[in-house]
Amino acid sequence: MVSVVIKRFGKVDTKLWNSFVKEAKNATFLFDRGYMDYHADRFPDHSLLLYTDGRLRALFVANEDRDAIVSHGGLSYGGLLLEKDARLEEVLALFFHILEYYHLQGINKIVYKCLPFYYATFPAQEDLYALFLLKAVLLQRDTSSVCVKSMPSPYQQRRKKNTKQNSATFRISESNDPTEFWNDVLIPNLKEKFGAEPVHTLEEIKKLMQSFPNHIQLFEVRDEGLLGGTVIYSTPLTAHAQYTSATQLGKEVGALDVLFHHLLSDVFQEKAYFSFGTSNGDPARSLNRGLVNWKE
C-alpha cells in the first residue's frame, strides 16, 4: 500500500495550499484560501494535506459539522484535489488514509460533495470509484443546466425574438459595484419568490469580487434603468451563472435573453461550458419547474 503522511491544514500552509490548487486537475478558485476563508467562522476548517514520499500529492477540502466532516459545507462542491498525474491506486490509498485519520479523531461520518465534471481541467472522477468501493450512500443529487459550447442548442423562438428586437436597444456592461443589483433586484426577487436571501451578503460579494476580479464578474443589462443582471463565476473551462435576476420590467421585455446571448456568443464564447446552475428547491428532491424550464 502507498505510504501516506497526513497533515492538518494550518494558516502557515496557505501559500503551499493555494499553489497546489492552481495546478490541481480538479480545483477551481473556490478552493483558494482567499475564497474559502471568508466564512471560516461558520465552517470550522479541518482540511488535510496529503504527502507521499515527502511530496504533496493531494488536498482534502473539509470542515467540521458537529460529529461529522463535510467536504465542504460552505461550498457548492468539495472533495479530494489531485495532481494531473494521480494514479487510481494512489487515489484509493488516499481515501483509505483519510478515513483512518478522521476515525482516529473520533469522527465516523463524512459528507462528500463531488465536483461536477465540467469544472475539471483534466479527467478526474477517481473519487466516484472510491465512493463505490466504500459503499457510500447517496444523500443528494442536484440538477444543473449546462450548455456544451461545442454542441450548441437552438434558442426558443421567443428567445430569438427578444434578442433580435432588443439587442441594439439595451446596454450591457460589466460592473464593479453590485450594490444596486443586490439591493434593488436580487434581494427583493429572492424574498418574494422563495422567502430566501442570497448566500452571500452584499459586503461578502463585494469583497470576493475585489479579491477575484478575473473569476467573479457582474454583468448588468440596462435601458433607462437597471433591468437585470447576473454574477458569473469563471473557471478555466466553465462560466457559471451564480446569481441571476431581473426586474418586473426586465422580465417583460426579455432583458435576460439579450444578456445571456451576449455572454454566450461574445464574452465567454471560448469557454467549453456555460452553466446556468441548479434548479432544486429545499429539499433537493423538490424541483423548481418554472426555473428549470426557463434555463432549458
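Please indicate, with yes or no, whether at least one residue in segment 117-124 is in contact with a helix residue (DSSP H, G or I) (Cβ under 7 Å, 6 or more places away or on another chain) and in a loop (DSSP other than H, G, I, E, B).
Checking segment 117-124: not a single residue is in contact with a helix residue (DSSP H, G or I) (Cβ under 7 Å, 6 or more places away or on another chain) and in a loop (DSSP other than H, G, I, E, B).
Going through segment 181-199 one residue at a time, which ones are assigned to a helix (DSSP H, G or I) and out of contact with any strand residue (DSSP E or B) (no Cβ under 6 Å at 6 or more places or on another chain)? Please lay out each step first, then the result.
Step one: filter segment 181-199 for residues assigned to a helix (DSSP H, G or I), giving 181-194.
Within segment 181-199, Trp182, Asn183, Asp184, Ile187, Pro188, Leu190, Lys191, Glu192, Lys193, Phe194 qualify.
Applying the selection to segment 181-199, what residues are surrounded by 15 or more Cβ atoms within 10 Å (Cβ to Cβ) and in contact with a Leu (Cβ under 7 Å, 6 or more places away or on another chain)?
Here is the first cut: in segment 181-199, the residues surrounded by 15 or more Cβ atoms within 10 Å (Cβ to Cβ) are 181-182, 185-187, 189-190, 198.
Within segment 181-199, Phe181, Trp182, Val185, Pro198 qualify.
So, in segment 100-126, of the ones that are over 25 Å from the mean Cα position of the chain (by Cα) and among the hydrophobic types (A, V, I, L, M, F, W, C), which residue ends up farthest from Gly78 (Cα to Cα)?
Within segment 100-126, the first condition is being over 25 Å from the mean Cα position of the chain (by Cα), and the residues that meet it are 100-108.
Filter again for among the hydrophobic types (A, V, I, L, M, F, W, C), leaving 104, 107.
Values: Leu104: 22, Ile107: 18 Å.
Looking at the filtered set, the residue picked out is Leu104.
Please find, within segment 238-284, the residue that is surrounded by the most Cβ atoms within 10 Å (Cβ to Cβ) out of those that are among the charged types (D, E, K, R) and touching a Lys or Arg at 6+ places or on another chain (Cβ under 9 Å). Quick ask: steps written out before the conclusion?
So the first thing to find is which residues in segment 238-284 are among the charged types (D, E, K, R), and the list is 251-252, 257, 266, 270-271, 282.
Among the residues that remain, those that are also touching a Lys or Arg at 6+ places or on another chain (Cβ under 9 Å) are: 257, 270-271.
Working: Asp257: 25, Glu270: 8, Lys271: 21.
Looking at residues that are among the charged types (D, E, K, R) and touching a Lys or Arg at 6+ places or on another chain (Cβ under 9 Å), I get Asp257.
Any chance you could count how many residues in segment 50-73 are touching a residue at least 12 places away in the same chain (Cβ under 8 Å) and assigned to a strand (DSSP E or B)?
Adding up the residues that qualify gives 16.
Taking segment 125-148, which residues are assigned to a loop (DSSP other than H, G, I, E, B) and in contact with a helix residue (DSSP H, G or I) (Cβ under 8 Å, 6 or more places away or on another chain)?
Gln125, Leu134, Thr143, Ser145
Tell me, which helices (runs of 4 or more DSSP H) wholly within segment 200-265 include 1 or more residues that are among the aromatic types (Phe, Trp, Tyr)?
Details: elements: 202-211, 248-252, 255-262.
It comes to 255-262.
Report the residue count in segment 111-160 for those that are charged (D, E, K, R) and in contact (Cβ under 8 Å) with a residue 60 or more places away in the chain.
So the first thing to find is which residues in segment 111-160 are charged (D, E, K, R), and the list is 113, 126-127, 135, 141-142, 149, 158-160.
In the following step, the residues that additionally are in contact (Cβ under 8 Å) with a residue 60 or more places away in the chain were identified as 141-142, 149, 158-159.
So the answer is 5.
Bear in mind these aren't lab numbers, they're just calculated from the coordinates by the rules spelled out. Since we're looking at a predicted model, the values are computed, not measured. Using ideal geometry, Cβ is built from the backbone for each residue, glycine included, and neighbour counts are taken over all protein chains shown.
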